[in-house]
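*Asks:* Sharing a structure below in structure tokens format, with a few things to ask.
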Amino acid sequence: MKINSAEFVKSSTELKECPAPNKNEFAFIGRSNVGKSSLINMLMQRKDLAKTSGRPGKTQLINHFEVNENWYLVDLPGYGYAKTSKKNRAIFQEMITNYIKKRDNLINTFVLIDCRHDPQKIDLEFMEWCGMEGIPFSIVFTKIDKLGSSSLMKQIAQYKKKLLLQWEALPPVFMTSAEGRSGREEVLRYIDEVNNSITAEMYRKL
Ligand code: GTP
Ligand code: MG
């Protein structure tokens, strides 16, 4: 898919502030610092479209971007950010789960996992929650430039094995590097395929 335009639309603190749910929407979620905002910039080939930071907890709102005047891409705050207050964490958690559960035009959620980390409870639980709620998701292993190819393959095989203890089949899995710009075509091709198969008439509540 060719990206002709990518524009920031707005930042929202809750579902009712989000843009009208009239276009296919893809969200990026995962732990703080996993590389959500960087991946969005890499996909859109824009340096600073989504704000990134070396310090976790940079993205604190639901950020909508409109791509090719045709679909929305959403940058979400990271879950499980430890260095904030318990109350703040609960507020984020609520904001994220409410948005994902109730956003009718949300077609797919990309769950980002740092390829260097062994399976973490918080990610496994989040995916399990998506399964229970019937939320379609895909997995993106990020920062693959940080591992050599054999450790990367080993790490991903182990992760898949762990998931298969819980799931009968795996969702689509992607491997990306915002640094090395890898995985861009695969993710965009997938978005394109999904966009071609789902139209606004098919949204959950319409
Ligand atoms: P929050 O908004 O805090 O939840 O974080 P985020 O998931 O949006 O992460 P962000 O994109 O801000 O990136 C966090 C850090 O990881 C930054 O220092 C990035 O430069 C770095 N980073 C992101 N993607 C990659 C990658 O593919 N490779 C490498 N080497 N570093 C990356
Ligand atoms: Mg971010």
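*Asks:* Can you give the FRET efficiency to the nearest 0.05 for Ala20 and Ile122, using r as the Cβ-Cβ distance and R₀ = 25 Å?
*Replies:* On the way: r = 32 Å, r/R0 = 1.27.
My answer for the efficiency is 0.20.
*Asks:* Same structure, new question: Starting from the coordinates of the alpha-carbon atoms of the range 6-205, obtain the Kirkwood hydrodynamic radius over all distinct pairs and give the value in Å to one decimal.
*Replies:* Here the Kirkwood hydrodynamic radius works out to 17.1 Å.
*Asks:* What distance in nm separates the simple spin-label points at Lys160 and Glu69, each placed 7 Å from Cα in the Cβ direction?
*Replies:* 4.1
*Asks:* May I ask you to order 89-98, 69-78 by the average number of other C-beta atoms within 10 Å around their residues, highest value first? Show your work: numbers first, answer last.
*Replies:* Values: 89-98: 15.1, 69-78: 20.2.
For the peptides 89-98, 69-78, the packing ranking is 69-78, 89-98.
*Asks:* Can you work out the Karplus-derived ³J(HN,Hα) for every residue in the range 20-27? Use 6.51 cos²θ - 1.76 cosθ + 1.60 with θ = phi - 60°, whole Hz, and x for glycine or proline.
*Replies:* 3, x, 10, 9, 4, 10, 10, 10
*Asks:* For Glu185 and Asn88, FRET efficiency with R0 = 35 Å and r from the beta-carbon atoms, rounded to 0.05? Could you put the intermediate results ahead of the total?
*Replies:* Details: r = 37 Å, r/R0 = 1.07.
For R0 = 35 Å, the calculated efficiency reads 0.40.
*Asks:* Put a dot 7 Å past each Cα toward the Cβ at Glu201 and Lys51; how far apart are the dots in nm?
*Replies:* Calculated label separation equals 4.1 nm.
*Asks:* Can you order the peptides 134-145, 184-195 by their average number of other Cβ atoms within 10 Å per residue, highest first?
*Replies:* On the way: 134-145: 19.8, 184-195: 16.2.
Result, highest mean first: 134-145, 184-195.
*Asks:* Based on DSSP, what percent of beta bridges with both residues in the chain are antiparallel, to the nearest 5?
*Replies:* Values: 12 of 33 bridges.
Counting only bridges with both partners in the chain, antiparallel ones make up about 35 percent.
*Asks:* Here is the link list: Lys2/Lys143; Lys87/Lys160; Lys16/Lys160; Lys51/Lys86. Which ones come out longer than 31 Å on Cα distance?
*Replies:* Details: Lys2/Lys143 23 Å; Lys87/Lys160 33 Å; Lys16/Lys160 36 Å; Lys51/Lys86 24 Å.
Distance filter (> 31 Å) returns Lys87/Lys160; Lys16/Lys160.
*Asks:* Using only the Cα atoms of the range 64-129, what semi-axes does the equivalent ellipsoid have when each is the square root of 5 times a gyration tensor eigenvalue? Give whole Å, largest first. Walk me through the numbers on the way to the answer.
*Replies:* Values: eigenvalues 105, 52, 29 Å².
That gives 23, 16, 12 Å for the three semi-axes.
Quick note: the coordinates plus some simple rules give every number you see, no bench work behind them. Remember, predicted model here, so these are calculated numbers, not experimental data. Counting neighbours? That spans all protein chains shown, and the Cβs are built from the backbone with ideal geometry, glycine included.
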